[in-house]
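J.: Please see the structure below; I have some questions.
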Amino acid sequence: MTDSTRSDKVRRGRGSGSRSFFALVQDVPSLVTDLVKGELALLKYEIIGTLKAFGIGAGFLVGALVFVFAMLGVLLTGIVLLIAIWLPGWLSALIVAFVLLLVAALLAFLGYRSIKKGLPAVPEKTIASLKRDLKAVKGVGTIPGHDVTEF
């Protein structure tokens with residue numbers, strides 16, 4: 001959650017001395033607005049990070065598919081050369097096909113790992129922050145780093 005300048009002024013007090021109850025109540029709408037804006041910014045940040053992880057993983061998987069198709073072409077070429085009566089080129093074609101298969105396996109593993117990193121696709125930080133805010137509004141729990149008797 002981000003804090004705005006307005007909420008900092010309210011927290012510190014505008015000037016010397018304590019403020020009246022009515023002045024504090026007048027600040028509630030601006031504090032709620034700042035809270036909602038902060039929560040939305042956190043949600044946006046988390047969702048963008050998750051979508052980036054899925055995009056990178058999908059790119060690796062597409063790359064793996066390209067290499068699998070290339071491997072199939074080379075493998076077919078190797079089989080054709082083998083059947084075409086003992087040409088020495090078939091062995092090299094099979095070796096190239098095996099190397100392409102290894103590259104495809106590596107890209108598939110990297111894609112899987114990247115997608116797994118993005119899971120679960122739930123904005124956990126935002127949910128935890130909303131739960132803390134709800135407890136604070138209800139007056140339940142503590143504020144981290146603050147003594148309740150300060151207010």
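The values are calculated or read from the model by the stated rules, or taken from the named source; none is laboratory data. Keep in mind the model is a prediction, meaning the values are calculated, not measured. Virtual Cβ from ideal backbone geometry, glycine too; neighbours counted across all protein chains shown.
J.: Can we say V99 is modelled with pLDDT under 80 and not in a loop (DSSP other than H, G, I, E, B)? If you could, list the steps in order and put the result at the bottom.
T.: Working: modelled with pLDDT under 80: yes; not in a loop (DSSP other than H, G, I, E, B): yes.
Considered against the rule, which asks whether it is modelled with pLDDT under 80 and not in a loop (DSSP other than H, G, I, E, B), V99 comes out as yes.
J.: Which of the residues that make up the range 32-55 are buried (at least 16 other Cβ atoms within 10 Å of the Cβ), among the hydrophobic types (A, V, I, L, M, F, W, C) and over 10 Å from the mean Cα position of the chain (by Cα)?
T.: Scanning the range 32-55 gives L35, L42, L43.
J.: Taking the condition of being part of a loop (DSSP other than H, G, I, E, B) and β-branched (V, I, T), how many residues in the range 114-132 meet it?
T.: Total meeting the criteria: 1.
J.: Residue under question is V74, and the condition is that it be modelled with pLDDT under 85 and in a helix (DSSP H, G or I); does it hold? Explain how you work it out, then say what you get.
T.: Numbers: modelled with pLDDT under 85: yes; in a helix (DSSP H, G or I): yes.
So V74 passes the test.
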